[in-house]
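The values are calculated or read from the model by the stated rules, or taken from the named source; none is laboratory data. Keep in mind the model is a prediction, meaning the values are calculated, not measured. No Cβ is skipped: glycine too gets one built from the backbone with ideal geometry, and neighbour counts run over all protein chains shown. Just the protein is used for accessible areas: all its heavy atoms, side chains included, with ligands, DNA and RNA removed. Shrake-Rupley method; radii C 1.70, N 1.55, O 1.52, S 1.80 Å.
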Amino acid sequence: RKKGEKRASSPFRRIREEEIEVDARVADNSFDAKRGAAGDWGERANQVLKFTKGKSFRHEKTKKKRGSYRGGSISVQVNSIKFDSE
């Protein structure tokens, strides 16, 4: 670079996305990506809450926690992911 030339500026990034490798099993953490999510207890709540942001999210979440909510069947399926230890 010569004197007087400006370098291309970029915003500060502590972690560079192109340098990080994400395991495919944890890349998508959404309710819809979960195995067996269809017909599960939280499916109806997810349909309402996934588009809700801010203060209204807290209000809608509280409504879903009340006794009148009928979500679906409660599953006892384990959704854990076992990682290889190094």
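Just one residue in the set SER9, SER75, SER56 is loosely packed, with under 10 Cβ neighbours inside 10 Å and among the hydroxyl-bearing types (Ser, Thr, Tyr); that residue is SER9. Selection of region 17-63 for residues being touching a residue at least 24 places away in the same chain (Cβ under 8 Å) and of a type in the set (Gly, Ala, Ser) yields GLY36, GLY39, GLY42, ALA45.
Here the condition is being in contact with a helix residue (DSSP H, G or I) (Cβ under 7 Å, 6 or more places away or on another chain), on the phi < 0 side of the Ramachandran plot and modelled with pLDDT of 80 or more; of GLU17, GLU60, it holds for GLU60 alone. Scanning region 44-52 turns up no residue that is among the small types (Gly, Ala, Ser) and either touching a strand residue (DSSP E or B) at 6+ places or on another chain (Cβ under 8 Å) or assigned to a loop (DSSP other than H, G, I, E, B) (or both). Residues in region 64-78 that are assigned to a helix (DSSP H, G or I) and in contact (Cβ under 8 Å) with a residue 40 or more places away in the chain: 0 in all.
Every residue, every condition in (1) open to solvent by less than 80 Å² (accessible area, probe 1.4 Å); (2) among the acidic types (Asp, Glu); (3) over 18 Å from the mean Cα position of the chain (by Cα), yes or no:
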| residue | (1), (2), (3) |
| --- | --- |
| ASP23 | yes, yes, no |
| ASN29 | no, no, no |
| ARG35 | no, no, no |
| GLY39 | yes, no, yes |
| VAL48 | yes, no, no |
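ILE81 passes every criterion in (1) modelled with pLDDT of 85 or more; (2) open to solvent by less than 80 Å² (accessible area, probe 1.4 Å) apart from (1).
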